[in-house]
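Report on the following structure.
The values are calculated or read from the model by the stated rules, or taken from the named source; none is laboratory data. For clarity, every value in this text was computed on a predicted model and none was experimentally measured. Note that we place each Cβ from the backbone using ideal geometry, even for glycine, and neighbour counts take in every protein chain shown.
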Amino acid sequence: MAVIELDASYGLCVLNVVLAFVLLMFKSIMVGVARKRYGVSYPDMYAIKGVTRRKDASGEGDRLLELTDADCDAFNCYQRAHQNTLENLTMFLAVMLLGGLKYPITSAIGGFIWIVGRLIYALGYYTGNPDKRM
């Protein structure tokens, strides 16, 4: 049986795991708000240009709405910001937590930068112009 002794500063890496969870919850809520605003109902993952069958966002019946191309782009930006973070999360967590075993402070700083970067990325994406995510 191998015993791994963790430096007390490894707790900063664990804190980043909590912050990543908070970031994902924020993005999830933002997608939910966008779904309601644009009337994109489940199970649709994305709004598709030229498809007009969307439920009324007011919740007052099944009236069909026509989304403009700009509305589709705006909703899809919210969805992609969230989905892209999910796609990268496992690699981020693995690298940060494993690297933190030997270099906890460096890994924690890198993890915090990644989390702040993903937040800035999302806020840029939420403008509806995908070029602003950079």
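Picking from residues in region 89-105 that are surrounded by fewer than 13 Cβ atoms within 10 Å (Cβ to Cβ) and modelled with pLDDT of 95 or more, the one that is farthest from ALA47 (Cα to Cα) is LEU98.
Every condition in (1) at pLDDT 95 or above; (2) more than 11 Å from the chain's Cα centre (by Cα); (3) among the aliphatic types (A, V, I, L, M) is met by ALA74 except one, and the failing one is (1). So for region 83-90 (the condition being more than 12 Å from the chain's Cα centre (by Cα), among the hydrophobic types (A, V, I, L, M, F, W, C) and under 26 Å from ILE4 (Cβ atoms)), does at least one residue qualify? No: region 83-90 contains no residue that is more than 12 Å from the chain's Cα centre (by Cα), among the hydrophobic types (A, V, I, L, M, F, W, C) and under 26 Å from ILE4 (Cβ atoms).
What are the residues in region 89-113 that are touching a residue at least 24 places away in the same chain (Cβ under 8 Å) and over 18 Å from SER9 (Cα atoms), if any? Those that are touching a residue at least 24 places away in the same chain (Cβ under 8 Å) and over 18 Å from SER9 (Cα atoms): LEU89, PHE92.
Taking the stated definitions as given, is ILE115 touching a Leu at 6+ places or on another chain (Cβ under 8 Å) and either assigned to a helix (DSSP H, G or I) or closer than 30 Å to THR68 by Cβ (or both)? Judged against the criteria, ILE115 is a match.
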